Every structure is written in C-alpha cells, then in structure tokens.
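Following: one structure in structure tokens, then a few remarks.
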There are 4 protein chains.
Amino acid sequence: MSAPIAIIAGVGPGTGAAVARRFAKAYPVVLLARKPANFESLAEEINKSGGQAIGISTDVSSEESMKNAFNKIKEKFGQDVKAAAAVFNASGSFTRKPFLELSTEEFEVSYQVSVKGAFLFSRHTLPLLLPHVQSTGTPNVSPPTLIFTGATASIKSNAQMSSFSTGKFALRALSTSLAKEFGPQGVHVAHAVIDGVIDIERTKGWLVGQPAEAKIGADDIAEVYWGLHGQGRRGWVNEVDVRPMLEKW
Amino acid sequence: MSAPIAIIAGVGPGTGAAVARRFAKAYPVVLLARKPANFESLAEEINKSGGQAIGISTDVSSEESMKNAFNKIKEKFGQDVKAAAAVFNASGSFTRKPFLELSTEEFEVSYQVSVKGAFLFSRHTLPLLLPHVQSTGTPNVSPPTLIFTGATASIKSNAQMSSFSTGKFALRALSTSLAKEFGPQGVHVAHAVIDGVIDIERTKGWLVGQPAEAKIGADDIAEVYWGLHGQGRRGWVNEVDVRPMLEKW
Amino acid sequence: MSAPIAIIAGVGPGTGAAVARRFAKAYPVVLLARKPANFESLAEEINKSGGQAIGISTDVSSEESMKNAFNKIKEKFGQDVKAAAAVFNASGSFTRKPFLELSTEEFEVSYQVSVKGAFLFSRHTLPLLLPHVQSTGTPNVSPPTLIFTGATASIKSNAQMSSFSTGKFALRALSTSLAKEFGPQGVHVAHAVIDGVIDIERTKGWLVGQPAEAKIGADDIAEVYWGLHGQGRRGWVNEVDVRPMLEKW
Amino acid sequence: MSAPIAIIAGVGPGTGAAVARRFAKAYPVVLLARKPANFESLAEEINKSGGQAIGISTDVSSEESMKNAFNKIKEKFGQDVKAAAAVFNASGSFTRKPFLELSTEEFEVSYQVSVKGAFLFSRHTLPLLLPHVQSTGTPNVSPPTLIFTGATASIKSNAQMSSFSTGKFALRALSTSLAKEFGPQGVHVAHAVIDGVIDIERTKGWLVGQPAEAKIGADDIAEVYWGLHGQGRRGWVNEVDVRPMLEKW
C-alpha cells in the first residue's frame, strides 16, 4: 500500500473522534486509544462511509504498547508506510486537589500521558512523517504535519492544578523543540492551545443555559487542525489558540 | 448594494495585495494605501479578473483622511454598507539606530501607523462589521473578521528597535482587547505574528542563495487570513504565528 | 557638585513618593510631577530629614517641558551632573469604557505619558546615567539603574482597556529594548509588573474589609526597586512582578 | 531546637553552594546533594566560619531517599523543625542530541530531577515552611520562602533540547501553581530564570577571553535569592530573570 496515512492518538468522544473523521476524508486513519470502546464504533462509522480506519488499543505512555501499535500499523499498511499527519490528542485525567494531598502517582499521571506519551508518539511517527516530505509539492500534497493538543493549562498554571499544568507546559516545550528541529527538514509541527470547554457528552452539565457559542465544537477544532495541515512551506503556523465566541479570557 | 465588503488597509506590494486578491474572490474589496501607485494596478487587476475593487488614497494615522475614506466607501457601497472582513496591514517604516540618535519624530512614526492607525481603522470598521453579525450562520456566511498584522517585534523587543517594537507590542494589546470586547458580540478579532522575511520585491536582496522556503510567501499569509475568516463561532483562533519552513527561531 | 543624583518621574502619593524617600537615603533626588502639590511637601519632608530633594513641575509627555526640567537639573547640580538611578513611574489616568465611545484623545492619553513620556525620560536620563558607569565597582557604587513601572496591563490586555494596555505593552517593549542596548554599556535597565492594587489614599475604598496583605505597599515596591539598583553586573534582574500575598492571579 | 532552618537541594560547586553560604549567615542550613563530595567541604567551611551546616546524600527524584533525608533533618533539628527557606536548585544533566537518537531514559532524566524532584522537595518542605508563617512579622522575621532555579530553557525551547526544556517548562508551571496556592497561606514562592552562563569550574572554557561580566556570578544569584527571601507580604516578587551585563538576549 502506498497511500500515506494519518495517525491520531487519544481518540475519545470529542476532539480525537472529530479529527479522525476530518482526516479520514483524505487518508486512511489509525485510531489509538486505551479502551477499544473509544474507537470501535468510530472506526466502523468511517469504514462504512467510504473511508478507511483501524483502531488499535494502545497505552501511549507505555514503550511496549506503543511498539506493538506501530508494528501493527506496519503489518497493515506496509513496512514502508508513510504518514501525512499525526495528531497527539491524549491527555491524562487531571486531579484538582490541594497540593499536599496529592500522591506521587496522582501527580505523575499527567506527565505519563502528556509528556512521555507525546515523546513516544513523536519518536514513532516522525520516522513515518519524514519520508513523506519528498512528496510535498506534488499537486495537492501538503507537508507532513505533527499536531499536539494543548489546553489553557499550557500557558497558565493555576492553584491545585500542578499535575495537569506541568504536563501541558512540558508538552508545549516538546512541540516547540520539535518544530525547530524538524521544520527545516520538512515536517510541519504545530501546537494548539484549546482555551475553553469542549462540547462533548462529559461536559453536558457545564455552562448550562448558555448558548452553543459558549463551548468549543470538536468539529471546529478538527477544521483548525485540517487548516494547519494544508498550509504550505512558506507560511506555517506553529501555534494557535482556539476559543468559542463567548469565552472570557 | 447589499453584498458585504472587505476593507484592507496597508496595501503594498506584499501581504496587503495578496490579502486583497484572496478576499476579492468573495467580496468587493476596498484598498487603502497612502500612495495611489500602491493600489491602482491592483484594483485594475482585480476588476479585470471578475472581482470588484476600489482604491482610496488614505493616511491611516490621520483622523481627517480616515473619515474621508469611509465617507467614500459609503458613497460607493451605500450608507448601510456592511463589512465581512477588515484587515489592518499598515506598518510604519522602521528606523534601526542607536536610541540616543533617535528623534522624537522617528520614534513616533511606528506609533502613528501601528497604534493610532489601527485604532482609527478599528473605530471605522467595527461599525460596519457589527451589523454583519446578524447574517452569520446563514449558509456560507462566516462571522465578520477583523485581522491585524504583527511581526516578530510584536513579542520580542530588540536593541535599537524600540520605535518599531513599541508600536507592534501596542498593536497586539489593541487586538487582544478588541477580541475580548467584540468577540462576544460576534466579531472575530485575530492577530498574526509574521515571524520571518516576506518574499517581496524589496527583500529580493535578503537571504540570497537560500531556497524559496527561507522566506514567507505573501500568498501564504493571505491563505492563513482567509482560513481565520472562515472559522465558525465555536472555534475561533485569536492569534497565529507564521513562519517559513527554514526560519530559525 | 559631584555626588550622583536620582531622578524620579511620576511622583504622586504612592509609589513615586515611596521610591523618592528610599533613594533619598543615598542620593540627592529630583522629583518630577505635573502638579507641584505632588512634590512640595515630599521635598520638604526629605530636606528636613537629612536628605536633599528638589521638585520640578514637569509634563513628561512634552519635549519642551522635559528640556526645561533637565536644564534646571543642570543649573542645580552642575553641567556634568551624573545620575545613579532614574525611575519612570508616570502613568496616564485610564478610561475604562466601550471602545466605540472612546475619543482619539482619550485613547492617546496613555500613549502620551507611558510611551512618549518614557521615551523622553530615557533620552534625557541615559546621558546622565552613562557617565556614572565608570564609577561602578568603586566600593559601594552600584551600576546606574533605569527602572520603569509597569502594571498588570503590561502583559494582559482586557476588554475596554485598550488605551491603558497599549501604553503599558509599549512601555515594556521600550524597557526591554533599552536593557539590551544599554546593558552591555553598563546601565542596568529593569521593568516592574506591578500586579495588584497599591495601598494609597485613592484606593482606600477598594478591597474594603480585607487584610492589609490584599494590597501592595508602596514602600515594598520602593524596596524592590532599591534591591534592583544594588545588583552587581554579574547578576542583573531585568524584570520583576510584584504582588501582595493575597493577590489572585 | 527552635531556630528555623534553610534547606538547599542541588548543592554543587556553583549556585547551590553560593546560596548555602548566603543563607547560612542567618540560618542553620541543610545541604542535599547526591554525591557527598558536593557538600562535605562546604559543610565544613560553613561550620568553621561560625555557621551551622549538615549535608545529606540524597537523590531528590527518589521518594525513599527524600523520605530518609527529611527523617534525618527531624532527628537533627527536632520533630517540630521549621524552615525559613527552601531552595530547589537541582537539575538533571542535559543531553543535546537529535531527537530521534534520544532514548526514553535520556529524555526522562530531566523530568526525574526537575519535575519529580521538585515535586518531592515541595511536598517535604512545605510542611516545614507553613508552621513558620506564624512567626512572620516578628521583627526581622521574613515570610518563609520557597525558591526554584530555572534556566533560559524555562521559557524558550530549542531544537535538540526537548529533554531539558520540558523539565524546565514543567518546573515553572509547578512554581506558579504553588505560588498561587501557598502564597495566600503565607509562603512566598518564587522562580528564577537564570538566563546565561554561570561562572563555575565547569564553564571555565566557555566565553574565554571575555570580561567577567559575560558570565553570571553564583554569589550574585545567591544575593538575588536572599533579596527575594527578605521581601514583605505586601510586595512579593514571584519571578525574576537573572543575566550578566554582557548577555545577548
């Protein structure tokens, strides 16, 4: 198989699924998530609607699990599979509690996913993104793109949020460092500060009674990412912030 | 006339012209520049190729001149003309010299254009952008958008560059303040940090011998702005940075 | 006269007066303020308690007024007077109102003081600070220091605050640019982000019922500035933020 | 024993030792370092010159080792020992190499020290700092202070430096979060961006031929930290940057 693929890590009910649907319009997509429930119906939906998707149960913070996932990708798409896009959307659940009540394990949860996970994801996807550089410039071929999903906590560290914000600050540092190293090699690396509540099942009870424009649409984030992917080499954006119309900031 | 227009200030041979061409594919465009030479052939080109453009000789830092420009816009497009987009791309020429050799006039040049000009432009365009809010959501109608062009100096202030950087820092503050005030009213305000050399006639002698990817393409900036304009209310980007692939940062 | 002086612009009932008192323990101080009422009793107080102070009625945003002020300084302290420290603490009163109700004059008030005033102050004080560089290193002689007072609005631009924040963002850009140009020449330039309510007569009605630690003490700011002034050439701080213990940020 | 102590982690030949010497003028100091060679002669020097110091061989990234260290502190100074100051100066050695050549272990080195180490240090020192809050305000008693040493990489993430910068970005997030949580409880938390080469044995070969002012003095950093410690509750600085006079930035 020679068509380049897109790999999305952290496929849940929100941003990850929306990003997968958007990129599936152009590429076969690989869906990585810990729980199969998070990608099974999505993969089926994409496969039924003319796209191509496979899901792989993966713990992004585990070297072993990530190695297995990328072996499966190569089994499926060939040893010389190339990636047109890779999106890291995984995030540890955060614990908001007084610092002195935080266990080391609770503190490290965010690191494991946001930093170690992003490190392993980058190490596995960059070798698939780099060979796609040579295709850039062919009509309708965008530069290969590596995108990281950040949050308000990527640039603002609040009280009782140190676990989450340390992970997100570090993720932003990783994205910038990779952008500077791999940009000149032809891979477009970008970071998105998602600054607001995303409208998903889990946040139904938040901002109740407010208009739809009080929340960020997962599809809107997907469009922003797709827009980043389409940018040419003479005009790359390395960081965006994303907010809904009614956000206070 | 009822079609909404786009207004571009600071139409020169680079970004401004590219932005005008891009937005002219969708809207009648108004081109503001001090020297008619900067918009005459561009307006002709747009008008000949199926678009609609008028140029108005304007000093954005002059209250009188701006008032005249917007009177002409209303004469041409009607008293109730609406704007779908307004792009402020004007910038004072900067003087790089030892601080103690800088005259007050030289220091203030950047303020006059980057800050007072942007203030007057915002004051005149927001009343045309706001009435277009009610059309948002109609199929294919994007939220009205106000975009400001910044530079590396918007976030980094170097030695001997205080005139330019004070203006650009202030412009960024203006953009953020307007985004927070007019965003909830339906106007999408965004700021672009253009971090690199734009490939125009004037910069032909810069970065000589380097590949095309060492400079930013004016057309690429225009595509980024067009992408911002197309974003929906549940996923607005308020700031982007734009770089060419080979930029060191 | 050969003792170096300290020059403080923006001497009012708060920070400026506290800074003047602190630096008057070491240097003759020059107090610049528009209204003589702002410096008269302060100068008297300093002169009576063993220090030396003169006040000069000055509009920092006026070239003419600033030229007169520095002529008076030279008449008083000699044509070859040197400055050990210069503190720019002036700030235009800010108008918080809807952007579209803001007149050009109201918008520009902040620029006139925070930017043009700071520019003129720097242009007049640097020629007095630079000759003091040669004395640095003599026992108990600190490097000459130029300090600018910023605010929360130096790094955060809120809705309806564009006049104030554009001025303060620009002032920060000026401070950084000067630090990079004059630091290597031996002048220590620093910027302070005062992030909180200063406890002065005018703010008596704010944060009522809260402990004293909810507000910043003007004397505490003066100590921070004095600390900056005392730093050696191998450990200069170029920016500090200052908050009271109970500040929420 | 009732005198409050100061605890310094990361005592090496540079900043840590200088900070220890400075704080030892006022408090008994505890020196934490992995290698006894890093604190033995320093402890001896302090004890001989009228101060009081003990060194404890500690791996700050190990829960077990940190627990042992603080047990020893309590054995020595009493179960109800209080801390007037705690300074976290430990830093993993950084590996500058192409990202794809970086092993997981190499990548994580910085996290282990800069983030997990700082987390454990905070968790152990805050319970000793908090009881000292009640003494604040007694003549000559400064608020208890927790200081973290950052670097250029705390705010700038360069190519091939992702291990170091992710750790330092995260450390800054931790410091800010703690400042917001424990500031209102009376503990002054501050972060220092050390932006330049520190003049120590290991950097002798750097910037050769340049004046002494091209490097930061470890003693100068110690003075900055001492200055932070002395600040009153109505004027706390939460972040400083420190540079030598000749630094380019």
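Tabulated data for the structure shown
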item	result
Average beta-carbon neighbours from other chains, 10 Å sphere, peptide D:108-118	3
Inter-part distance where the range D:73-111 and the range B:1-30 are each reduced to a Cα centre, Å	55
Label spacing, shortest first and in nm, from C:Glu105 to its equivalents in the remaining copies (7 angstrom along Cα→Cβ)	2.6, 6.8, 7.3
Farthest positive-ward along the range B:3-240 dipole, Cα basis, beta-carbon charges - from B:Phe182, B:Leu32, B:Pro98	B:Phe182
Residues whose placed amide H lies under 5 Å from that of D:His191, excluding near-sequence neighbours	D:Phe148, D:Glu239, D:Val240
Label spacing, shortest first and in nm, from B:Trp249 to its equivalents in the remaining copies (7 angstrom along Cα→Cβ)	1.7, 2.1, 2.7
Other protein chain Cβ atoms within 10 Å, averaged over every residue that makes up B:176-188	6
Between helix C:162-182 and chain C: long-axis angle, C-alpha atoms, 0 to 90°, nearest 10	30
Solvent accessible area, Å² - A:Tyr111, 1.4 Å probe, full protein context	10
Out-of-range pairs (alpha-carbon distance over 28 Å; input C:Lys97/C:Lys215; A:Lys156/C:Lys168; C:Lys168/D:Lys215; B:Lys180/C:Lys180; B:Lys35/B:Lys204)	C:Lys168/D:Lys215; B:Lys180/C:Lys180
10 Å Cβ neighbours from other chains, averaged over peptide D:57-68	0
Other copies of C:Gly137: label-to-label distances in nm, shortest first, labels 7 Å along the beta-carbon direction	4.7, 5.5, 7.1
Packing-based ranking, highest mean first, of D:80-92, A:44-56, B:205-217 given that Cβ atoms within 10 Å are counted	D:80-92, A:44-56, B:205-217
Set of lysines near B:Lys25 by C-alpha distance (under 23 Å), chain-local residues within fewer than 8 positions excluded	B:Lys48, B:Lys72, B:Lys74, B:Lys76, B:Lys82
Positive minus negative residues near C:Leu129 (Lys, Arg vs Asp, Glu; Cβ under 15 Å)	+2
Prolate/oblate/rounded label for chain A (Cα gyration tensor, a/c 1.5)	rounded
Pairwise centroid distance, computed over Cα atoms, of the range D:127-147 with the range B:170-249, Å	48
Fluctuation leader among B:Gly16, B:Gly78, B:Gly186 - chain B, Gaussian network, Cα springs under 10 angstrom	B:Gly78
Rough spin-label spacing in nm, given labels placed 7 Å along Cα→Cβ, for A:Glu64 and A:Lys248	4.8
Chain B residue with Cβ closest to the axis mapping B onto A, distance in whole Å	B:Gly227, 2
Formal net charge of residues neighbouring D:Ser49 (Cβ-Cβ distance under 13 Å; K, R +1; D, E -1)	+2
Gyration tensor verdict on the protein assembly as shown (Cα atoms; rounded if a/c is under 1.5, prolate if a/b is larger than b/c, oblate otherwise)	oblate
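The values are calculated or read from the model by the stated rules, or taken from the named source; none is laboratory data. Keep in mind it's a predicted model, so treat the numbers as computed, not measured. So basically every Cβ, Gly included, is an ideal-geometry build from the backbone, and we count neighbours across all protein chains shown. Heads up: the accessible areas ignore ligands, DNA and RNA and are worked out on the full protein's heavy atoms, side chains in. Shrake-Rupley method; radii C 1.70, N 1.55, O 1.52, S 1.80 Å.
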